[in-house]
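The structure appears right after this line, and notes come after that.
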Amino acid sequence: MLTREWYEKLVHEIHDIEKNQLPSILEQIIEAKEAWDLSENSEFHSAKEKQALLKARVSELKWMVDDVKIIDSIEDAHYDKVSYGSHVTVEMEDGRSYSFDIVWSWEVDPLGEPMKISFNSPVWSAIEWKKIWDIVKVKLINGRQTLKIIKIA
């Protein structure tokens with residue numbers, strides 16, 4: 001599952017690499033090939049390495065967007081249990097509450113509004129598949145905390 005926003009960003013990146021960056025690198029390779037002995041041509045080898053990295057990135061991105069379920073927004077992914085795409089509000093032991101979205105690791109934004117945490121995080125591990133009013137313990141930077149899930153959307 002991906003939000004439409006992230007799906008579009010990934011598709012845009014694929015397009016940019018294929019239509020702009022790879023052709024530019026190919027020109028650099030051709031120019032470097034014509035200019036020097038290839039065995040001692042650092043520009044050629046650097047451009048070939050960059051080309052390989054860009055092709056690998058395109059393959060990775062295409063894998064991410066291939067056959068993916070798109071949710072128009074985090075708010076549209078309603079669940080009765082916490083899962084990817086959920087918007088969750090938790091209450092800490094001291095009464096403070098925090099709201100965040102569960103997203104893929106490349107979408108993480110701990111300072112954003114709303115905050116976005118990865119499904120690889122310790123908080124996610126503690127609240128995965130939990131329901132409203134479930135209480136969980138999670139190890140955070142400032143020590144072990146007890147969280148109560150007060151809202152899932």
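None of the figures in this text is laboratory data; all of them are computed from the coordinates on show. Since the structure is predicted, the reported quantities are computational estimates derived from the model, not experimental observations. Note: ideal-geometry Cβ built from the backbone for every residue, glycine included; neighbour counts use all protein chains shown.
Brief remarks on what is shown
- Semi-axis lengths (Å, descending) of the ellipsoid that matches the C-alpha gyration tensor of the stretch 2-70: 32, 10, 7
- P(r) tail for the stretch 74-152: Cα pairs beyond 16 Å make up 45% of the total.
- Estimated from the Cβ-Cβ distance and a Förster radius of 35 angstrom, the FRET efficiency linking Glu27 and Asp66 is about 0.75.
- Ordering Trp63, Trp104 from the fewest to the most neighbouring beta carbons within 10 Å gives Trp63, Trp104.
- For the chain, the spread of Cα positions along the three principal axes, ordered from largest to smallest, is 68, 33, 22 Å.
- Proxy reagent accessibility, fewest Cβ within 10 Å first, across Glu91, Glu49: Glu49, Glu91
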